[in-house]
């Protein structure tokens, strides 16, 4: 394993009822990158992310994070934001913060409280009383308040207004350090394009392109959003 | 990590079960009060309503302990909450053990609440004497101490219900390995596992009976003329077998869970 490689996906396959969702997926990711995982609906982005997070079991293949198979040790260093609200809605925001503090050694509760304040979220409010968008913001705050090595954000901008999107992207950038990497899966390419170092295009369960964002822009002489539109034109 | 998981599992169950505990004891107290004041027609009607409510709360405590344990198990491991559960830095064994211990604790609490509710409602010197006399009649006939009879009865009932709950857990685990019809398969598998577990226990009792004629007599005779020693042996043997089945199924659940999950 290369010392710089944070994530390695080797010959990864995932099928449901003989339907192949991911086919021989191979890629690796080094430290210090913000990577866009881009593809159409049903391309296999979320399946890939769920496999990295132990929410699905591979049909075959291997995933290594810092050279270790997915398990307790890799979960300590991966901070994952799913594309759905997953917190127990009976809990208050303050209770969820305590929960994260209990389970994650790298969770910074002071930072979480600051981010919640910036987003005008009440720490004493119950999640069931919050709108879906507000719950998604709470989840993002929790995920970004961990000092993780790998952040995986599945559609982090989907349910939020454009003004908050900028705040979220700034939060991602401000958390970014040379030791960490971020994988962002989204359809809103134009919104995140400015922060991407690398892009991975996925289509019909296969990685069709992994390229440095600047190199791709120079090569195609257009934005990544335009490249995506051309490549996946219906 | 198991202690931390257990802390949140217990909190969740207490939030959901607490109301049934409070209502069960509340209606036990109101029944007691209504039965002890002036017996006008209206008070009698209210007393009957109150005792009905108390019994429905007792039933709710029992049914909800089972149902909530299964629902909590499914939601936490296979529904939206699973996105958090499976990304916590804990082993699958700890996840299972936490649910197992949580169910055990709340089943004991439920059992205690039911006894307290019944005690508040019906305790009197006369009623207590009637119950103890009834139990003594049985235990004298069976030539065993009251303490032994009550203890064994409680243990066997407790293990039987707990075994049923764990069969449900294993059914959920197997049902959610399917890609479609997860709920239907969970119920089906749970039911099949329960039947298999009961058949194994019965089979082992039969095998034991091959070496103990008094136990074998239970398989041969249609009359309920229970041999005292056979009853004692059966009570102890079934408790031991239930414990073994619960332990074996717990290992199977953890082994299957450790093979990985497919969260929707």
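The values are calculated or read from the model by the stated rules, or taken from the named source; none is laboratory data. Computed from a predicted model, the values in this text were never measured in an experiment. Counting neighbours? That spans all protein chains shown, and the Cβs are built from the backbone with ideal geometry, glycine included.
Quick notes
- Selected residue [over 25 Å from residue A:157 (Cα atoms) and surrounded by 21 or more Cβ atoms within 10 Å (Cβ to Cβ)] from A:72, A:35, A:65: A:65
- Residue count for the range A:73-94 satisfying the condition of being touching a helix residue (DSSP H, G or I) at 6+ places or on another chain (Cβ under 9 Å) and at the interface with chain B (Cβ under 10 Å from one of its Cβ atoms): 15.
- Scanning the range A:169-186 for residues that are crowded, with 16+ Cβ neighbours inside 10 Å and either closer than 26 Å to residue A:215 by Cβ or modelled with pLDDT of 90 or more (or both) returns A:169, A:172, A:175, A:176, A:180, A:181, A:182, A:183, A:184, A:185, A:186.
- Residue that is facing another protein chain (nearest Cβ under 9 Å) and surrounded by fewer than 19 Cβ atoms within 10 Å (Cβ to Cβ), where the choices are A:105, A:122, A:118, A:109: A:105
- Search result, residues across the range B:192-207 that are touching a helix residue (DSSP H, G or I) at 6+ places or on another chain (Cβ under 7 Å) and surrounded by fewer than 16 Cβ atoms within 10 Å (Cβ to Cβ): B:200, B:206
- Among the candidates A:99, A:80, residue that is assigned to a strand (DSSP E or B) and closer than 23 Å to residue B:81 by Cα: A:80
- Exclusive hit being over 21 Å from residue A:95 (Cα atoms), loosely packed, with under 14 Cβ neighbours inside 10 Å and not assigned by TED's automatic domain parsing to the domain that holds residue B:161, set B:40, B:60: B:40
- Residue in the range B:86-100 that is within 14 Å of chain A (Cβ to nearest Cβ) and touching a strand residue (DSSP E or B) at 6+ places or on another chain (Cβ under 6 Å) present: yes
- Every residue from the range B:168-188 that is surrounded by 14 or more Cβ atoms within 10 Å (Cβ to Cβ), without any contact (Cβ under 8 Å) to a residue 24 or more places away in the chain and not in a loop (DSSP other than H, G, I, E, B): B:171, B:175, B:185, B:187, B:188
- Candidates B:149, B:191, B:107: the one that is closer than 30 Å to residue B:50 by Cβ and either assigned to a helix (DSSP H, G or I) or over 15 Å from the mean Cα position of the chain (by Cα) (or both) is B:107.
- Checking residue B:86 against (1) crowded, with 19+ Cβ neighbours inside 10 Å; (2) touching a helix residue (DSSP H, G or I) at 6+ places or on another chain (Cβ under 7 Å), the condition it does not meet: (2)
- Some residue of the range B:64-72 being surrounded by 14 or more Cβ atoms within 10 Å (Cβ to Cβ) and over 17 Å from residue B:169 (Cβ atoms): no
- Any hit, the range B:234-245, residues being surrounded by 13 or more Cβ atoms within 10 Å (Cβ to Cβ), within 14 Å of chain A (Cβ to nearest Cβ) and within 27 Å of residue B:93 (Cβ to Cβ): no
- Set side by side, the residues B:116, B:172 differ, and just one is outside the structural domain of residue B:17 (by TED's automatic domain parsing) and out of contact with any strand residue (DSSP E or B) (no Cβ under 7 Å at 6 or more places or on another chain), which is B:172.
- Long-range neighbours under 7 Å by Cβ, at least six apart or interchain, first residue touching a residue at least 40 places away in the same chain (Cβ under 8 Å) within the range B:116-144, second loosely packed, with under 14 Cβ neighbours inside 10 Å: B:142/B:228; B:143/B:228
- Subset of the range A:1-21 that is out of contact with any helix residue (DSSP H, G or I) (no Cβ under 6 Å at 6 or more places or on another chain) and crowded, with 17+ Cβ neighbours inside 10 Å - its residue that is nearest to residue B:261 (Cα to Cα): A:12
- Among residues of the range B:206-217 that are touching a residue at least 12 places away in the same chain (Cβ under 8 Å), those with a Cβ under 7 angstrom from a residue that is loosely packed, with under 15 Cβ neighbours inside 10 Å, sequence gap 6+ or separate chain, pair up as B:206/B:219; B:214/B:229.
- Pairs with Cβ under 6 Å, 6+ apart, first in the range A:33-44 and in contact (Cβ under 8 Å) with a residue 60 or more places away in the chain, second part of a loop (DSSP other than H, G, I, E, B): A:33/A:197; A:34/A:196; A:34/A:197; A:36/A:196; A:40/A:232; A:44/A:205
- Qualifying residue in the range B:142-157 (condition: surrounded by 14 or more Cβ atoms within 10 Å (Cβ to Cβ), in contact with a helix residue (DSSP H, G or I) (Cβ under 8 Å, 6 or more places away or on another chain) and under 30 Å from residue B:257 (Cβ atoms)): yes
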